[in-house]
Amino acid sequence: LSTLAANVGVAIQNARLYRDSQRRAGEMAALVDVASEISAMLELRPVIERIAERAQTLLGGDTSAVFLADAEGRSSPALVALGSLADAVMALAIEPGQGILGDLVRRGAAEAVNDTTADPRTLIIEGTSPDEHDRLMAAPLLARGAGAGRMAVWRSQTAPTFTDADLAFLVSLSQQAAI
């Protein structure tokens, strides 16, 4: 029985490793595709839309958005928003220091918040209810070492929590978007 249990344990671990390697392969393929699309397109909006679409799809998000800093750097309006909260997010402009996204802009940080209802930085996006976006993950768009904007993905509370691997992938996508 012990030998059988050990073999089952090894089989489960192998299945997890295989699933993780398949996920990583898909992420790497997406990054290559994004890099290829960037070099083929000359207009900013279509490139950013494709990157936001990839983020939403590959990270299982309900909504994704890319915010670009205005000329004065005082706020970051949404350039692109896709998904269930797209209209409300398009009306949003991130102000440094205000809300979770504003705090991340101020600090230049990437972060996953798996329970925004428990986070004291949470601000409800106008036109939405508090339970529409309970999980949030965001990463900075850094150009020449300065913050050029922010990429964000939202999930509902019923969706799986964001992982460190999810955040690392979003950071990679945000680096491509910054290019």
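Some observations on this one:
- Looking across 113, 105, one residue alone is open to solvent by less than 20 Å² (accessible area, probe 1.4 Å) and among the β-branched types (Val, Ile, Thr). It is 113.
- Taking first residues from the stretch 114-133 that are closer than 14 Å to residue 89 by Cβ and modelled with pLDDT under 85 and partners that are open to solvent by less than 70 Å² (accessible area, probe 1.4 Å) and among the hydroxyl-bearing types (Ser, Thr, Tyr), the Cβ contacts under 8 Å between residues at least 6 apart in sequence or on separate chains come to 132/156; 133/63; 133/116; 133/156.
- Count of the stretch 95-144 residues, restricted to those that are within 23 Å of residue 159 (Cα to Cα) and out of contact with any strand residue (DSSP E or B) (no Cβ under 7 Å at 6 or more places or on another chain), is 18.
- Taking (1) within 15 Å of the chain's Cα centre (by Cα); (2) of a type outside the set (Val, Ile, Thr); (3) crowded, with 19+ Cβ neighbours inside 10 Å; (4) at pLDDT below 90 in turn, residue 147 satisfies each apart from (1).
- Criterion (open to solvent by 50 Å² or more (accessible area, probe 1.4 Å), out of contact with any Pro (no Cβ under 9 Å at 6 or more places or on another chain), touching a residue at least 24 places away in the same chain (Cβ under 8 Å) and among the aliphatic types (A, V, I, L, M)) met by exactly one of 100, 179: 179
- Counting the residues of the stretch 54-96 that are at pLDDT below 90, more than 17 Å from residue 136 (Cβ to Cβ), open to solvent by 50 Å² or more (accessible area, probe 1.4 Å) and charged (D, E, K, R) gives 2.
Quick grid of which residues meet (1) under 19 Å from residue 56 (Cβ atoms); (2) part of a loop (DSSP other than H, G, I, E, B); (3) under 11 Å from the mean Cα position of the chain (by Cα):
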position: 106; (1), (2), (3): no, no, no
position: 109; (1), (2), (3): no, yes, no
position: 123; (1), (2), (3): no, yes, no
position: 151; (1), (2), (3): yes, no, yes
position: 161; (1), (2), (3): yes, yes, no
position: 166; (1), (2), (3): yes, no, yes
position: 170; (1), (2), (3): yes, no, yes
position: 176; (1), (2), (3): yes, no, no
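- Some residue of the stretch 78-99 being under 14 Å from residue 62 (Cα atoms) and acidic (Asp, Glu): yes
The values are calculated or read from the model by the stated rules, or taken from the named source; none is laboratory data. Here the structure is a predicted model, which is why all the values come from computation and not from measurement. So basically every Cβ, Gly included, is an ideal-geometry build from the backbone, and we count neighbours across all protein chains shown. Areas reflect the complete protein model, heavy atoms only, side chains present, ligands, DNA and RNA absent. Shrake-Rupley method; radii C 1.70, N 1.55, O 1.52, S 1.80 Å.
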